[in-house]
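What follows is a set of notes on a single structure, which appears directly below.
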Amino acid sequence: FGVARAFEYPQSVYGPPTIDEAPPGANIHIRVDLWPIVSVTVENELRESDCDYLHTVCDQVFAAHDRHAFLVDCSSVRSAPGPEVRKKLKAFEDSRQQTSAEKGIACAIVFQSRVVRGAYTALRWISAQPVPNKAFGSVSEAARWCIEACEGEGVEVPPEAYLLAELPARIA
């Protein structure tokens, strides 16, 4: 009674996980074709239904055997999520801290606004994360950082990730 239990994942899978398709009308799109980099794109605004889909896919990603990095592109988002969405995101993040530490390598997030990037960085100083988190102004910068983080952990990334990072010279 009253003892908090860690979230339990199904048996681990090797390689990229199979993830659910985005529901119709979703403002969030998630890809694992650059595995171990998970690409998340948020369009316009993040809604509660988008959070539900994100949380489902995150659990599918966490169930994979391999460690991974997240690249979250919020460059087209023009307004902050509402309070209910923020609460939902924070509750999920808090409930998966241990798993993030075990399975995560890094999390890069892309914002157009320098002010938002600065605020995000300050927030992450206050609220420490189990894996390195960093804000960027472009997807290519974020991809380069994710690649470096993965390679620094001895985790290989596919050639397509180098293209996203605008590093074609590294493709063999």
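A residue that is part of a loop (DSSP other than H, G, I, E, B), at pLDDT 95 or above and not polar (S, T, N, Q) can be found somewhere in segment 34-52.
If you go through segment 20-29, how many residues are within 23 Å of residue 157 (Cβ to Cβ) and open to solvent by less than 20 Å² (accessible area, probe 1.4 Å)? Quick ask: steps written out before the conclusion?
Of segment 20-29, the ones within 23 Å of residue 157 (Cβ to Cβ) are 28-29.
Adding the requirement that they be open to solvent by less than 20 Å² (accessible area, probe 1.4 Å) leaves 28.
Going through segment 20-29 one residue at a time, the tally reaches 1.
Among residues of segment 78-104 being touching a helix residue (DSSP H, G or I) at 6+ places or on another chain (Cβ under 9 Å), loosely packed, with under 15 Cβ neighbours inside 10 Å and at pLDDT below 90, the one that is nearest to residue 151 (Cα to Cα) is 80.
Tell me which residues, restricted to segment 110-119, are open to solvent by 30 Å² or more (accessible area, probe 1.4 Å) and either in a loop (DSSP other than H, G, I, E, B) or in contact with a strand residue (DSSP E or B) (Cβ under 7 Å, 6 or more places away or on another chain) (or both). Those that are open to solvent by 30 Å² or more (accessible area, probe 1.4 Å) and either in a loop (DSSP other than H, G, I, E, B) or in contact with a strand residue (DSSP E or B) (Cβ under 7 Å, 6 or more places away or on another chain) (or both): 111, 112, 113, 117. Residues that are among the hydroxyl-bearing types (Ser, Thr, Tyr) and within 17 Å of residue 145 (Cβ to Cβ) within segment 105-130 comprise 120, 121, listed in sequence order.
Report yes if residue 73 is of a type in the set (Asp, Glu), at pLDDT 90 or above and in contact with a strand residue (DSSP E or B) (Cβ under 8 Å, 6 or more places away or on another chain), otherwise no. The answer is yes for residue 73. Can you list residue pairs whose Cβ atoms sit under 9 Å apart, with the first residue in segment 25-36 being touching a residue at least 60 places away in the same chain (Cβ under 8 Å) and the second being of a type in the set (D, E, K, R)? Count only pairs 6 or more apart in sequence or on different chains. Sorted first by the residue in segment 25-36, then by its partner, the pairs are 33/160; 34/160; 35/66; 36/66; 36/67; 36/156. Pairs meeting the criteria (first residue in segment 66-77 and in a strand (DSSP E or B), second residue among the aromatic types (Phe, Trp, Tyr), beta carbons under 8 Å, at least 6 apart or on different chains) are 68/35. From the list 58, 107, the lone residue that is of a type outside the set (S, T, N, Q), in a helix (DSSP H, G or I), surrounded by 15 or more Cβ atoms within 10 Å (Cβ to Cβ) and out of contact with any helix residue (DSSP H, G or I) (no Cβ under 6 Å at 6 or more places or on another chain) is 58.
Checking each residue in segment 122-161 for being part of a loop (DSSP other than H, G, I, E, B) and open to solvent by less than 40 Å² (accessible area, probe 1.4 Å) picks out 127, 131, 137, 138, 155, 157, 158.
Between 101, 91, the distinction of being in a helix (DSSP H, G or I), hydrophobic (A, V, I, L, M, F, W, C) and in contact (Cβ under 8 Å) with a residue 12 or more places away in the chain belongs to 101 only. State yes or no: is residue 50 under 23 Å from residue 162 (Cα atoms), crowded, with 18+ Cβ neighbours inside 10 Å and among the acidic types (Asp, Glu)? Judged against the criteria, residue 50 is not a match.
The values are calculated or read from the model by the stated rules, or taken from the named source; none is laboratory data. On a predicted model such as this, the values are computed, not experimentally measured, just so you know. Every residue, glycine among them, receives a Cβ derived from its backbone with ideal geometry; neighbour counts consider all protein chains shown. Accessible surface is based on the protein model in full, side chains and every heavy atom, while ligands, DNA and RNA are left aside. Shrake-Rupley method; radii C 1.70, N 1.55, O 1.52, S 1.80 Å.
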